[in-house]
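Novice: What follows is a structure written as structure tokens; I'll ask about it next.
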Amino acid sequence: MRISISMLFGAVIAAAVSVPTAAFADGHAAKGAKVFKKCAACHTATEAKNKVGPHLVDIIDRPVASVEDFKYSKPMIDHAAEVPTWTVEALETYLRNPKGVVKGTKMAFAGLKKDDEVENVIAYLMDPAAAEK
């Protein structure tokens, strides 16, 4: 069988595009729980209790800026109009650069720079109980 350059190029592009989504399936919740300690001063992922930041229980597929009894900044409310749901992809982008994604956010955190940290935190947020297994 002969493989053309365009077929090879297409396969490489398809693989590269699918990596981010597949990577989160490979995230490790227990490792994510350790990384989440960077977030724990302001957020909780295991109880629906707001701290300086809103709780992150069931954040995946939750509407952005929707936690009751939490006063969101205007920039975050404006962001919710543009990105209405915390999808895995939206959360990944935000975790990497909160201030770049939501200009004027009150969140002081600079972001997670390592791919494995982002993958693991998202795995933890998807299933915090899995961190205990």
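Taken together, the values in this text are just the output of simple stated rules run on the coordinates, not laboratory data. Since we're looking at a predicted model, the values are computed, not measured. Cβ atoms come from the backbone with ideal geometry, glycine included; neighbour counts cover every protein chain shown.
Novice: Summing +1 for each Lys or Arg and -1 for each Asp or Glu, what net charge is found among the other residues whose Cβ lies under 11 Å from the Cβ of CYS42?
Specialist: On the way: positive: LYS38, LYS51, LYS106; negative: none.
Overall, the nearby charge balance is +3.
Novice: Take each of the peptides 115-121, 59-65, 27-33, average the number of other beta-carbon atoms within 10 Å over its residues, and list them starting from the highest.
Specialist: My ranking of the peptides, most packed first, is 115-121, 27-33, 59-65.
Novice: Please check which bits of segment 34-55 a label hung off SER73 would reach, taking the label as a point 7 Å along Cα-to-C-beta and the cut-off as backbone N under 13 Å.
Specialist: 53-54
Novice: Distance check, please: which entries in LYS49/LYS103; LYS38/LYS99; LYS74/LYS113 exceed 18 angstrom between their Cα atoms?
Specialist: Flagged as over cut-off: LYS49/LYS103; LYS74/LYS113.
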